[in-house]
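Down below is the structure, laid out as structure tokens.
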Amino acid sequence: MDRMQEIYQQAQQYYIGGASAGQRYNAVLKQPLYIDHADGSHIWDVNGKEYIDYHCCAGASLFGHNHPRLRKAIGDAMEKGFFMNFDTAYHVELGRLLQQVFPSCEKIRLANTGSEATQAALRVARSFTGREKVVRFEGHFHGMYENIWFNHNDVHAADAYGEVETVPDSAGFPSNAKDNVVTVVFNDIAAMEHIAQKYKGEIAAVILEPLCYNCGCYESRKNFLEQLRALCTRENIVLIFDEVICGLRMRPGSAQLHYGVLPDMTCMAKAIGGGLPISAFGGRADIMSVLNPIGNTTVSGTYTGALIPVIASIECLKMALEPGFYDQIEMIGNRLYSGISSLFAQHGKKGHCRGVGARFGIYFGVEDPEDDFDFRKVAAAQDRAMYKKFVTECLPRGLWFHDTAGKVSPAHYGITSAHTVQDIDETLNKMDDIFARL
Ligand SMILES: Cc1ncc(COP(=O)(O)O)c(C=O)c1O
């Protein structure tokens, strides 16, 4: 028995599915991939097999693994006593840098996970408006809690105006959890106008991923975002951008700058910590002022603002803000994304790759890139069998494409600033062989 299987046997004694978290389980391997160590763009499993990493910690490791500057930052925090539950001058520096990348955040508060940040933003929006309903879009994901985890993973019935039946993505939710949630088709301003009139005066917030990598690379149409911005201003609805995964991913650092549309509130996580657990939410000063000690809305936590992730996050933001950072990301990304799309064409397979900045989706079976803007068209066209075969063939060749695709949406993958031209060329060479077998 190899070491991978040995650990799996042991892990099952303590963990359901042998995995410490549901998403660690890999349906292709039929167990988790147990890792020994990681460095730069590569990971090594416990059998010593090396992989080029295209999962990149679900987007957390934008700077690659084991980055010397992050090691140094962690070391600095160790020197100081790696405490938590206190604020420091480092926290001020982090706030300054976060505001530079996410300029709509006049005020900021820290948290630990993306799910925590979205929950906090929703609470603040409800407190500020005195309203309860939250509008979300099908396909978008905002964390795993009962009041918001709906319609990410499947297509459900929609009425003639684009309002979609709100359906949980997990069992175990109370039946009233969806009572304050309205689900709408995305990129359709007429549907949003209908919803704004139907629930006039009841909607606290509209939350969205301005670039939804959770459905591959499901982009907002710029004019949709602009019209949504105007609608929310007109109706006094708090517009929340969930930049948990798209934040820092593309030039010049956030989706709000990329599209030129500023939300009222923003949720940040993943890449801002470069692999250390930290998140944040922020927004307009008048909205954020509902938080204690000014207002009576409480958001806090024991681990919030712990020193190690705070100092690491400062380093991450500094790296992303340095000249040339996004030149490298774009050069590597475009080489990979255009290379994969060319392989579809060369091998006569339906599909393409769409990437923006450091993350991308592979659209097996979807011919027309215009369809990428439509969750329902992608869901209908997606070739799950081809996708499954692809990730299965990647594994033995040392390409780590974690099996993360939803029931109807393409998986999201990524690159880091540590990926090299050599990594990409090796990957495309191996993929040439894989595409021949699809
Ligand atoms: C857009 C978005 N929001 C929220 C979350 C939840 O973040 P976390 O897993 O850190 O709780 C995720 C995680 O994938 C995400 O992609």
*How much of the accessible area of the stretch 172-259, in percent, comes from carbon and sulfur atoms when a 1.4 Å probe is used?*
50
*Calculated from DSSP H runs of 4 or more alone, at -39500 (n - 2.57) each and per residue, what is the 222 nm mean residue ellipticity of the chain, nearest 500?*
-11000 deg cm²/dmol
*Output the direction-averaged projected area (hull surface divided by four) of the convex hull of the alpha-carbon atoms of the stretch 68-321, in nm².*
13.4
*Taking R0 as 41 Å, what's the FRET efficiency between Phe82 and Ala157 from their Cβ-Cβ distance, rounded to 0.05?*
0.20
*What does the charge count near Asn47 come to, summing +1 for each Lys or Arg and -1 for each Asp or Glu among other residues with Cβ under 13 Å from its Cβ?*
-3
*Local electrostatic count, Lys107, Cβ distance below 14 Å [Lys/Arg +1, Asp/Glu -1]*: 0
*For Gln227 and Arg384, compute 0.36 nm times the residue count separating them, minus their Cα-Cα distance, and round to one decimal in nm.*
53.1 nm
*Using a 1.4 angstrom probe, figure out how much accessible area the chain has per residue, in square angstrom, rounded to the nearest whole.*
41
*Do any trypsin sites (Lys or Arg not before Pro) in the stretch 360-408 lie in a DSSP loop with no more than 15 other beta carbon atoms within 10 Å, and if so, which?*
Lys407
*Which order, highest average first, do 78-85, 33-40 follow once you tally other Cβ atoms within 10 Å for each residue and take the mean per peptide?*
33-40, 78-85
*Arrange the peptides 418-425, 258-265 so that the one whose residues have, on average, the most other Cβ atoms within 10 Å appears first.*
258-265, 418-425
*Lys and Arg at +1, Asp and Glu at -1: add these up for the other residues within a Cβ distance under 11 Å of Val134 and post the number.*
+3
*asked:* Tell me which DSSP H helices of the chain clear both cut-offs, 20 Å or more of axial length from alpha-carbon atoms and a mean Kyte-Doolittle hydropathy of at least 1.0.
replied: 307-321
_Once R0 is set to 41 Å, what does the formula 1/(1 + (r/R0)^6) return for the Cβ-Cβ distance between Tyr14 and Leu257, expressed as a FRET efficiency to the nearest 0.05?_
0.40
_Overall form of the stretch 162-238 per C-alpha gyration tensor (a/c, 1.5; a/b vs b/c)_ = oblate
_Using DSSP to call loops (not H, G, I, E or B), can you name the chymotrypsin sites (Phe, Trp or Tyr not before Pro) in the stretch 86-192 whose Cβ has at most 10 other Cβ atoms within 10 angstrom?_
Phe86
_Under 8 Å for C-alpha pairs, at least 6 residues apart: give me the relative contact order for the chain, rounded to a whole percent._
22
*For an R0 of 30 angstrom, estimate the FRET efficiency from the Cβ-Cβ distance between Gln99 and Gln197 and round to the nearest 0.05.*
0.30
_Whole-Å semi-axes of the ellipsoid equivalent to the chain (Cα gyration tensor, √5λ, descending)_ = 33, 28, 21
*For the stretch 68-321, what is the relative contact order in percent, using Cα pairs closer than 8 Å and at least 6 residues apart in sequence?*
31
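The values are calculated or read from the model by the stated rules, or taken from the named source; none is laboratory data. If you're wondering where the values come from, they're calculated on a predicted model, not measured in any experiment. Note: ideal-geometry Cβ built from the backbone for every residue, glycine included; neighbour counts use all protein chains shown. Accessible surface is based on the protein model in full, side chains and every heavy atom, while ligands, DNA and RNA are left aside. Shrake-Rupley method; radii C 1.70, N 1.55, O 1.52, S 1.80 Å.
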